[in-house]
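S.K.: Structure incoming, see below.
The values are calculated or read from the model by the stated rules, or taken from the named source; none is laboratory data. None of the values given here were measured: they were computed from a predicted structure. In this analysis, Cβ positions are derived from the backbone assuming ideal geometry, glycine residues included, and neighbour counts consider all displayed protein chains. Surface accessibility is based on the protein's heavy atoms, side chains included, excluding ligands, DNA and RNA. Shrake-Rupley method; radii C 1.70, N 1.55, O 1.52, S 1.80 Å.
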Amino acid sequence: MKNQNNNKNPKYNIQNSKLLNKSKIQNFNIVYHPHKITKSDRSKIKGHKPCIIWLTGLSGSGKSTIANALEEKLNRMHVHTYLLDGDNIRHGLNKDLGFSIEDRKENIRRISEVAKLFVDAGLIVITAFISPFREERNYARSLVRSDEFIEVFVDTPIEVCEQRDPKGLYKKARKGEIKEFTGIDSPYEPPLSPEIHLKTDKLSVNECVEKIVIFLKAKKII
Ligand SMILES: Nc1ncnc2c1ncn2[C@@H]1O[C@H](COP(=O)(O)OS(=O)(=O)O)[C@@H](OP(=O)(O)O)[C@H]1O
Ligand SMILES: Nc1ncnc2c1ncn2[C@@H]1O[C@H](COP(=O)(O)OP(=O)(O)O)[C@@H](O)[C@H]1O
(Lines give C-alpha, C1' and ligand atoms only; values in the text may rest on other atoms or scores of the structure.)
(Ligands and ions follow the chains in the order given, each with its own letter.)
Protein backbone atom coordinates (compact mmCIF):
# COMPACT_ATOMS: atom_id res chain seq x y z
CA MET A 1 0.00 0.00 0.00
CA LYS A 2 1.16 3.53 -0.68
CA ASN A 3 1.79 6.24 1.90
CA GLN A 4 -1.10 6.07 4.38
CA ASN A 5 -0.87 9.71 5.40
CA ASN A 6 -4.22 11.33 4.70
CA ASN A 7 -3.45 14.72 6.20
CA LYS A 8 -4.39 17.30 3.60
CA ASN A 9 -2.27 20.09 5.06
CA PRO A 10 0.99 20.26 3.05
CA LYS A 11 2.66 22.08 5.95
CA TYR A 12 2.52 18.82 7.88
CA ASN A 13 3.03 16.47 4.94
CA ILE A 14 4.86 13.40 6.15
CA GLN A 15 6.86 13.33 2.91
CA ASN A 16 8.42 16.66 3.87
CA SER A 17 9.55 15.42 7.23
CA LYS A 18 13.28 15.13 7.75
CA LEU A 19 12.46 12.36 10.22
CA LEU A 20 11.78 9.93 7.39
CA ASN A 21 15.09 10.72 5.72
CA LYS A 22 16.93 10.09 8.96
CA SER A 23 15.60 6.55 9.16
CA LYS A 24 18.54 4.18 8.89
CA ILE A 25 16.46 1.17 7.87
CA GLN A 26 14.73 1.19 4.51
CA ASN A 27 11.89 -1.35 4.64
CA PHE A 28 11.47 -1.82 0.89
CA ASN A 29 10.17 -5.38 1.24
CA ILE A 30 7.40 -4.76 3.72
CA VAL A 31 3.95 -4.94 2.16
CA TYR A 32 0.91 -3.76 4.09
CA HIS A 33 -2.00 -6.16 4.43
CA PRO A 34 -5.32 -4.34 4.05
CA HIS A 35 -7.51 -4.65 7.17
CA LYS A 36 -11.19 -5.44 6.70
CA ILE A 37 -12.26 -3.54 9.82
CA THR A 38 -11.32 0.12 9.57
CA LYS A 39 -10.82 2.96 12.02
CA SER A 40 -14.30 4.24 11.23
CA ASP A 41 -15.84 0.77 11.93
CA ARG A 42 -14.07 0.71 15.30
CA SER A 43 -14.98 4.25 16.25
CA LYS A 44 -18.69 3.70 15.39
CA ILE A 45 -19.10 1.30 18.31
CA LYS A 46 -17.58 3.85 20.71
CA GLY A 47 -20.10 6.64 20.15
CA HIS A 48 -17.35 9.26 19.75
CA LYS A 49 -14.60 10.07 17.28
CA PRO A 50 -10.94 9.21 17.89
CA CYS A 51 -8.25 11.86 18.18
CA ILE A 52 -4.93 12.79 19.78
CA ILE A 53 -4.98 15.48 22.46
CA TRP A 54 -1.30 16.46 22.47
CA LEU A 55 -0.28 18.40 25.59
CA THR A 56 3.07 20.17 25.33
CA GLY A 57 4.83 22.42 27.83
CA LEU A 58 7.69 22.82 30.24
CA SER A 59 8.30 20.51 33.19
CA GLY A 60 5.94 21.64 35.96
CA SER A 61 3.65 23.47 33.53
CA GLY A 62 0.72 21.20 34.43
CA LYS A 63 0.59 18.59 31.64
CA SER A 64 0.16 15.54 33.90
CA THR A 65 -2.29 17.27 36.22
CA ILE A 66 -4.49 18.43 33.34
CA ALA A 67 -4.17 15.12 31.45
CA ASN A 68 -5.28 13.12 34.48
CA ALA A 69 -8.18 15.44 35.32
CA LEU A 70 -9.27 15.43 31.66
CA GLU A 71 -9.13 11.65 31.46
CA GLU A 72 -11.22 11.37 34.65
CA LYS A 73 -13.82 13.74 33.27
CA LEU A 74 -14.01 11.98 29.87
CA ASN A 75 -14.16 8.58 31.53
CA ARG A 76 -17.16 9.72 33.58
CA MET A 77 -18.75 10.70 30.25
CA HIS A 78 -18.12 7.12 28.96
CA VAL A 79 -15.50 8.28 26.47
CA HIS A 80 -12.85 5.64 25.79
CA THR A 81 -9.48 7.29 26.46
CA TYR A 82 -5.88 6.27 26.96
CA LEU A 83 -3.24 8.46 28.58
CA LEU A 84 0.33 8.21 27.35
CA ASP A 85 2.82 9.72 29.78
CA GLY A 86 6.21 9.10 31.31
CA ASP A 87 4.88 6.33 33.53
CA ASN A 88 3.94 4.01 30.71
CA ILE A 89 6.44 5.22 28.11
CA ARG A 90 9.72 6.30 29.71
CA HIS A 91 9.55 3.34 32.14
CA GLY A 92 8.73 0.87 29.36
CA LEU A 93 8.88 1.32 25.58
CA ASN A 94 11.36 4.21 25.82
CA LYS A 95 13.39 3.24 28.86
CA ASP A 96 16.49 3.13 26.65
CA LEU A 97 16.21 6.89 25.97
CA GLY A 98 17.62 9.84 27.93
CA PHE A 99 17.31 13.59 27.46
CA SER A 100 19.80 14.46 24.72
CA ILE A 101 18.19 16.23 21.77
CA GLU A 102 18.44 13.06 19.66
CA ASP A 103 16.85 10.91 22.39
CA ARG A 104 14.01 13.37 22.92
CA LYS A 105 13.31 13.30 19.17
CA GLU A 106 13.24 9.51 19.14
CA ASN A 107 11.06 9.54 22.28
CA ILE A 108 8.47 11.70 20.53
CA ARG A 109 8.70 9.77 17.25
CA ARG A 110 7.85 6.50 19.01
CA ILE A 111 5.09 8.12 21.09
CA SER A 112 3.61 9.58 17.89
CA GLU A 113 3.46 6.16 16.27
CA VAL A 114 1.85 4.64 19.37
CA ALA A 115 -0.69 7.48 19.51
CA LYS A 116 -1.51 6.86 15.86
CA LEU A 117 -2.26 3.21 16.64
CA PHE A 118 -4.60 4.23 19.46
CA VAL A 119 -6.44 6.56 17.09
CA ASP A 120 -6.70 3.69 14.62
CA ALA A 121 -8.22 1.66 17.46
CA GLY A 122 -10.91 4.35 17.84
CA LEU A 123 -9.76 5.91 21.13
CA ILE A 124 -9.14 9.43 22.34
CA VAL A 125 -5.47 9.40 23.26
CA ILE A 126 -4.08 12.05 25.58
CA THR A 127 -0.31 12.58 25.54
CA ALA A 128 1.59 14.46 28.26
CA PHE A 129 5.20 15.02 27.20
CA ILE A 130 7.36 18.11 27.11
CA SER A 131 7.79 17.41 23.36
CA PRO A 132 10.03 20.46 23.03
CA PHE A 133 10.52 20.58 19.25
CA ARG A 134 8.06 21.80 16.61
CA GLU A 135 9.33 19.40 13.98
CA GLU A 136 8.52 16.33 16.06
CA ARG A 137 5.12 17.69 17.13
CA ASN A 138 4.35 18.36 13.48
CA TYR A 139 5.46 14.83 12.64
CA ALA A 140 2.91 13.52 15.18
CA ARG A 141 0.30 15.77 13.56
CA SER A 142 1.15 14.42 10.11
CA LEU A 143 0.37 10.83 11.12
CA VAL A 144 -3.38 11.36 11.54
CA ARG A 145 -6.11 13.36 9.79
CA SER A 146 -5.93 17.10 10.32
CA ASP A 147 -9.12 17.08 12.44
CA GLU A 148 -7.74 14.28 14.62
CA PHE A 149 -4.82 16.21 16.13
CA ILE A 150 -5.39 18.76 18.86
CA GLU A 151 -2.26 20.50 20.06
CA VAL A 152 -2.68 21.93 23.55
CA PHE A 153 -0.05 24.41 24.66
CA VAL A 154 0.22 24.20 28.44
CA ASP A 155 1.70 27.65 28.67
CA THR A 156 3.23 28.44 32.03
CA PRO A 157 6.10 30.91 32.52
CA ILE A 158 9.30 29.15 33.55
CA GLU A 159 9.41 31.25 36.74
CA VAL A 160 6.05 29.76 37.78
CA CYS A 161 7.17 26.20 36.86
CA GLU A 162 10.33 26.73 38.85
CA GLN A 163 8.39 28.03 41.84
CA ARG A 164 6.04 25.00 41.68
CA ASP A 165 8.95 22.59 41.13
CA PRO A 166 6.73 19.60 42.01
CA LYS A 167 9.58 17.10 41.67
CA GLY A 168 12.47 19.29 42.85
CA LEU A 169 14.08 19.00 39.40
CA TYR A 170 14.56 22.74 38.76
CA LYS A 171 16.48 22.99 42.01
CA LYS A 172 18.75 20.15 40.90
CA ALA A 173 19.13 21.62 37.40
CA ARG A 174 20.12 25.03 38.82
CA LYS A 175 22.75 23.30 40.95
CA GLY A 176 24.03 21.52 37.84
CA GLU A 177 23.02 18.10 39.17
CA ILE A 178 20.77 17.53 36.13
CA LYS A 179 22.14 18.50 32.73
CA GLU A 180 20.18 19.38 29.57
CA PHE A 181 17.12 20.45 31.53
CA THR A 182 14.34 21.94 29.39
CA GLY A 183 14.13 25.71 29.70
CA ILE A 184 17.50 25.92 31.46
CA ASP A 185 20.14 24.33 29.26
CA SER A 186 17.94 22.57 26.70
CA PRO A 187 15.56 24.41 24.34
CA TYR A 188 11.75 24.52 24.25
CA GLU A 189 10.02 25.70 21.08
CA PRO A 190 6.49 26.95 21.92
CA PRO A 191 3.72 26.02 19.48
CA LEU A 192 2.98 28.74 16.90
CA SER A 193 -0.72 27.97 16.39
CA PRO A 194 -1.98 25.41 18.88
CA GLU A 195 -5.64 24.43 18.73
CA ILE A 196 -5.91 25.19 22.47
CA HIS A 197 -3.82 27.59 24.55
CA LEU A 198 -3.93 27.17 28.34
CA LYS A 199 -2.32 29.72 30.62
CA THR A 200 -2.17 27.72 33.81
CA ASP A 201 -1.01 30.65 35.90
CA LYS A 202 -4.35 32.30 35.14
CA LEU A 203 -6.74 29.31 34.92
CA SER A 204 -7.58 26.61 37.45
CA VAL A 205 -7.14 22.92 36.55
CA ASN A 206 -10.93 22.60 36.15
CA GLU A 207 -11.06 25.61 33.83
CA CYS A 208 -8.28 24.10 31.69
CA VAL A 209 -10.14 20.79 31.46
CA GLU A 210 -13.39 22.57 30.65
CA LYS A 211 -11.71 24.45 27.76
CA ILE A 212 -10.61 21.16 26.22
CA VAL A 213 -14.03 19.52 26.71
CA ILE A 214 -15.76 22.53 25.10
CA PHE A 215 -13.40 22.23 22.12
CA LEU A 216 -14.13 18.49 21.76
CA LYS A 217 -17.87 19.15 21.83
CA ALA A 218 -17.63 22.06 19.36
CA LYS A 219 -15.73 19.82 16.91
CA LYS A 220 -18.30 17.04 17.47
CA ILE A 221 -15.59 14.65 18.62
CA ILE A 222 -17.61 13.79 21.74
N1 LIG B 1 16.88 16.89 31.56
C2 LIG B 1 15.55 16.83 31.71
N3 LIG B 1 14.76 17.73 31.07
C4 LIG B 1 13.42 17.67 31.21
N5 LIG B 1 12.77 16.74 31.97
C6 LIG B 1 13.51 15.82 32.64
C7 LIG B 1 14.92 15.84 32.53
N8 LIG B 1 15.41 14.81 33.29
C9 LIG B 1 14.36 14.21 33.83
N10 LIG B 1 13.21 14.79 33.45
C11 LIG B 1 11.86 14.29 33.81
O12 LIG B 1 11.36 13.66 32.62
C13 LIG B 1 10.12 14.22 32.24
C14 LIG B 1 10.15 14.67 30.76
O15 LIG B 1 10.08 13.59 29.91
P16 LIG B 1 9.44 13.74 28.47
O17 LIG B 1 9.44 12.38 27.87
O18 LIG B 1 8.15 14.45 28.58
O19 LIG B 1 10.52 14.69 27.75
S20 LIG B 1 10.71 14.98 26.21
O21 LIG B 1 9.38 15.17 25.62
O22 LIG B 1 11.40 13.84 25.60
O23 LIG B 1 11.53 16.21 26.15
C24 LIG B 1 9.86 15.42 33.09
O25 LIG B 1 8.52 15.26 33.49
P26 LIG B 1 7.51 16.47 33.61
O27 LIG B 1 8.03 17.27 34.78
O28 LIG B 1 6.20 15.79 33.91
O29 LIG B 1 7.49 17.25 32.34
C30 LIG B 1 10.85 15.33 34.23
O31 LIG B 1 10.20 14.82 35.37
N1 LIG C 1 -4.12 25.40 36.16
C2 LIG C 1 -3.29 24.44 36.48
N3 LIG C 1 -3.13 23.40 35.64
C4 LIG C 1 -2.27 22.39 35.94
N5 LIG C 1 -1.50 22.35 37.05
C6 LIG C 1 -1.62 23.37 37.92
C7 LIG C 1 -2.50 24.45 37.67
N8 LIG C 1 -2.38 25.31 38.68
C9 LIG C 1 -1.48 24.80 39.55
N10 LIG C 1 -1.01 23.62 39.10
C11 LIG C 1 -0.02 22.79 39.80
O12 LIG C 1 1.18 22.76 39.03
C13 LIG C 1 1.85 21.51 39.17
C14 LIG C 1 2.06 20.93 37.78
O15 LIG C 1 2.76 19.70 37.89
P16 LIG C 1 2.63 18.58 36.78
O17 LIG C 1 1.20 18.36 36.42
O18 LIG C 1 3.41 17.40 37.26
O19 LIG C 1 3.37 19.28 35.53
P20 LIG C 1 4.08 18.58 34.28
O21 LIG C 1 3.41 17.26 34.04
O22 LIG C 1 3.89 19.56 33.16
O23 LIG C 1 5.52 18.43 34.69
C24 LIG C 1 0.97 20.63 40.05
O25 LIG C 1 1.46 20.69 41.37
C26 LIG C 1 -0.40 21.32 39.94
O27 LIG C 1 -1.21 21.12 41.09
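S.K.: Report the one residue of V205, A128, I150 whose Cα lies farthest in the direction of the positive end of the charge dipole of the chain (charges on C-beta: Lys and Arg +1, Asp and Glu -1; origin at the Cα centre).
M.R.: Comparing the listed Cα positions along the dipole, I150 ranks first.
S.K.: When only DSSP loop residues count, what trypsin sites (Lys or Arg not before Pro) in the stretch 58-112 have their Cβ near at most 15 other Cβ atoms within 10 Å?
M.R.: Details: sites: K63, K73, R76, R90, K95, R104, K105, R109, R110; in loops: K95.
Passing sites in the stretch 58-112 are K95.
S.K.: In addition: With θ set to phi - 60°, apply the Karplus curve 6.51 cos²θ - 1.76 cosθ + 1.60 along the stretch 65-80 and write out the HN-Hα couplings as whole Hz, x wherever there is a Gly or Pro.
M.R.: 4, 5, 4, 5, 5, 5, 4, 4, 5, 5, 4, 5, 8, 6, 9, 7
S.K.: To continue, here is another question. Just how large is the dipole of the chain about the Cα centre, in debye to the nearest 20, putting +1 at every Lys and Arg Cβ and -1 at every Asp and Glu Cβ?
M.R.: On the way: 39 positive and 28 negative charges, 148 e Å.
The calculated dipole for the chain is roughly 720 debye.
S.K.: Only helical DSSP H runs with n ≥ 4 go in: add -39500 (n - 2.57) per run for the chain, normalise by residue count and round the 222 nm mean residue ellipticity to 500 deg cm²/dmol. Display every interim value, and only then the final one.
M.R.: On the way: 8 runs with 81 residues, N = 222.
Helix-only estimate at 222 nm: -11000 deg cm²/dmol.
S.K.: Further, regarding this structure: Going toward the positive end of the dipole of the stretch 14-159, with +1 on Lys and Arg Cβ and -1 on Asp and Glu Cβ, which of C51, G86, I37 do you reach last?
M.R.: Selected residue: I37.
S.K.: Still on this structure, please answer the following. Whole-Hz Karplus ³J(HN,Hα) for the stretch 31-36, in order, using 6.51 cos²θ - 1.76 cosθ + 1.60 and θ = phi - 60°, x for Gly and Pro?
M.R.: 10, 6, 9, x, 8, 6
S.K.: A further question follows. Between R42 and I158, how many nm apart are label points set 7 Å from Cα along the C-beta direction?
M.R.: According to this spin-label approximation, the distance is 3.9 nm.
S.K.: Sticking with this structure for a sec: How large, in percent, is the carbon and sulfur part of the accessible surface of the chain at a probe radius of 1.4 Å?
M.R.: Numbers: 6760 of 12580 Å².
Looking at the chain in its full context, I get 54 percent from C and S.
S.K.: Now for a different question. Just tell me which aspartates and glutamates come within less than 12 Å, Cα to Cα, of K46; anything on the same chain fewer than 8 places away is out.
M.R.: Candidates past the 8-residue exclusion: nothing left.
S.K.: Which whole-Hz couplings ³J(HN,Hα) result when phi for each residue of the stretch 178-195 is put into the Karplus expression 6.51 cos²θ - 1.76 cosθ + 1.60, θ = phi - 60°, listed in order with x for Gly and Pro?
M.R.: 10, 9, 6, 8, 4, x, 10, 10, 9, x, 10, 9, x, x, 8, 9, x, 5
S.K.: Along the Cα→Cβ direction, 7 angstrom out, place labels at Y82 and K219. What is the inter-label distance in nm?
M.R.: Modelled inter-label distance: 1.9 nm.
S.K.: Then there is this: Considering only Cα-Cα distances, which of the following residue pairs are longer than 30 Å: K116/K217; K167/K219; K63/K105?
M.R.: Over 30 Å Cα-Cα: K167/K219.
S.K.: Can you give me the accessible area per residue for the chain, using a 1.4 Å probe, in Å²?
M.R.: 57 Å²
S.K.: Taking 2.2 N^0.38 Å as the expected size of a compact globular protein, what ratio does the Cα radius of gyration of the chain give against it, to two decimals?
M.R.: Relative to the 2.2 N^0.38 Å estimate, the chain comes out at 1.04.
S.K.: Working out 0.36 nm times the residue gap between V31 and D201, then minus their Cα-Cα distance, what length gain in nm do you get to one decimal?
M.R.: Here the segment from V31 to D201 would lengthen by 56.3 nm.
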